[in-house]
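Some notes on the structure that comes next.
The values are calculated or read from the model by the stated rules, or taken from the named source; none is laboratory data. Since the model is a prediction, treat every value here as computed from it, not as a measurement. Counting neighbours? That spans all protein chains shown, and the Cβs are built from the backbone with ideal geometry, glycine included.
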Amino acid sequence: MSSTPVNPNKALWEKGDFTRIAESMRESGEALVQRIGITPGLKVLDLGCGDGTTALPAAKLGAEVLGVDIARNLVEAGNRRAAEHGLANCTFREGDATNLQPISDQAFDVVVSIFGAMFAPKPFDVAKEMVRVTRAGGRIVMGNWIPNDPTLVAQILRISSAYTPPPPEGFVSPMTWGVESNVLERFTGAGVRAEKISFTRDTFTFGFDGPPALFVAEFKNYYGPTMNAFGAAEKDGRAADLQKELEELFRSQNTSTHATRIPATFLRVTVAR
Ligand SMILES: C[S@@+](CC[C@H](N)C(=O)[O-])C[C@H]1O[C@@H](n2cnc3c(N)ncnc32)[C@H](O)[C@@H]1O
């Protein structure tokens with residue numbers, strides 16, 4: 001009897017329930033979409049869309065939006081949310097950023113990927129696919145977390161990596177998408193001229209209606225990468241240390257006195273086709 005091999009990339013994101021974390025990202029997701037020039041009628045692909053934090057706002061602005069994500073549960077959640085918001089112009093489908101077939105060449109005016117495609121393996125294939133499905137004269141907008149940045153997400157990763165076994169040989173860290181030289185290499189490798197690629201630092205603010213320690217609990221219980229870090233830490237009897245380090249991080253970065261608001265810096269990449 002043959003069985004389908006597990007795709008660890010897919011399994012990681014289907015674990016837990018990313019919607020619980022996405023709830024803290026809605027406000028900044030919407031604000032970001034307002035800044036990137038989405039207009040009625042544009043064909044937009046949101047790649048690694050999750051449950052639609054940026055796809056739904058883009059559809060509300062009148063774009064024709066397809067959200068593609070590797071996690072089946074998030075695709076289902078996205079379709080549910082689009083229906084709840086009455087957005088017939090927003091659909092979600094399962095797919096892998098490393099190979100977007102059967103999407104045809106130049107099918108979209110804008111390809112958006114906010115902390116999405118950066119998590120796919122094979123970054124050169126991902127760049128190639130994003131370029132392939134964007135029409136000549138269109139553009140790609142990526143939001144990527146930055147390695148070693150002092151703000152929240154890079155610091156969660158730094159802390160968690162001290163509790164987890166080293167990744168398998170050949171593993172390319174998603175955070176390399178936050179390094180301009182890597183991004184340039186990947187998109188020029190896909191045939192884009194370097195002068196068509198631009199970078200800016202931007203800020204995304206996580207908002208949670210509770211104290212930082214409860215926000216850490218959301219990550220521990222629902223965010224695949226943090227769930228894995230706690231799993232490994234538990235085996236070593238170090239889960240309490242991980243919890244303490246994360247709580248200190250979240251508390252020190254919180255800018256709110258009555259809830260949790262944590263700004264995080266990211267690299268915004270724009271590629272003109
Ligand atoms: C941090 S979440 C961000 C989701 C969404 N863009 C947002 O801002 O809320 C990363 C997303 O990338 C998706 N993803 C990871 N690897 C992928 C791949 N190979 N192809 C498509 N989506 C992928 C995950 O399933 C997850 O929904």
Elements of type helices (runs of 4 or more DSSP H) contained in the range 1-41, each with 1 or more residues being touching a Pro at 6+ places or on another chain (Cβ under 7 Å) and over 17 Å from Ile140 (Cα atoms): 8-14, 26-35
Lone unmet requirement of (1) more than 9 Å from the ligand (Cβ to nearest atom); (2) within 24 Å of Gln106 (Cβ to Cβ); (3) not charged (D, E, K, R) for His85: (2)
Of residues in the range 104-132 being more than 13 Å from the ligand (Cβ to nearest atom) and assigned to a loop (DSSP other than H, G, I, E, B), the one nearest to Ala59 (Cα to Cα): Ala107
Of residues in the range 81-119 being in contact with a Lys or Arg (Cβ under 6 Å, 6 or more places away or on another chain) and either more than 16 Å from Val65 (Cβ to Cβ) or modelled with pLDDT under 95 (or both), the one surrounded by the most Cβ atoms within 10 Å (Cβ to Cβ): Thr98
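Let's see how each residue does on (1) modelled with pLDDT under 95; (2) of a type in the set (Lys, Arg); (3) away from the ligand (no atom under 11 Å from the Cβ):
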residue: Val6; (1), (2), (3): yes, no, yes
residue: Ala11; (1), (2), (3): yes, no, no
residue: Glu27; (1), (2), (3): no, no, yes
residue: Leu42; (1), (2), (3): no, no, yes
residue: Asp46; (1), (2), (3): no, no, no
Test: Glu195 is more than 19 Å from the chain's Cα centre (by Cα), within 26 Å of Arg135 (Cα to Cα) and loosely packed, with under 13 Cβ neighbours inside 10 Å: yes
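For the structure I just gave you, tell me whether Ser198 is outside any strand (DSSP E or B), polar (S, T, N, Q) and over 22 Å from Asp51 (Cα atoms).
Judged against the criteria, Ser198 is not a match.
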Residues that are assigned to a loop (DSSP other than H, G, I, E, B) and out of contact with any helix residue (DSSP H, G or I) (no Cβ under 6 Å at 6 or more places or on another chain), drawn from the range 42-52: Leu42
Among the candidates Ala229, Ala233, Ala162, Ala240, residue that is surrounded by fewer than 18 Cβ atoms within 10 Å (Cβ to Cβ), touching a Leu at 6+ places or on another chain (Cβ under 9 Å), of a type in the set (A, V, I, L, M, F, W, C) and farther than 17 Å from Ala22 by Cα: Ala162
Gly191 out of contact with any Pro (no Cβ under 6 Å at 6 or more places or on another chain) and modelled with pLDDT under 95: no
Every residue from the range 79-102 that is part of a loop (DSSP other than H, G, I, E, B), within 20 Å of Ala58 (Cα to Cα) and over 17 Å from the mean Cα position of the chain (by Cα): His85, Gly86, Leu87, Ala88, Asn89
Failed criterion for Glu76 (all others in (1) near the ligand (Cβ under 9 Å from one of its atoms); (2) outside any loop (DSSP other than H, G, I, E, B) hold): (1)
Any hit, the range 156-170, residues being modelled with pLDDT of 95 or more and within 22 Å of Lys196 (Cβ to Cβ): no
Residue in the range 53-67 that is near the ligand (Cβ under 10 Å from one of its atoms), more than 18 Å from Arg26 (Cα to Cα), modelled with pLDDT of 95 or more and not in a loop (DSSP other than H, G, I, E, B) present: no
Within the range 205-254, tally of residues that are in a helix (DSSP H, G or I), farther than 22 Å from Ala71 by Cα and of a type in the set (Phe, Trp, Tyr): 2
Residue list for the range 133-147, filter: surrounded by fewer than 24 Cβ atoms within 10 Å (Cβ to Cβ), within 15 Å of the chain's Cα centre (by Cα) and either within 13 Å of the ligand (Cβ to nearest atom) or more than 16 Å from Ser198 (Cα to Cα) (or both): Val141, Trp145, Pro147
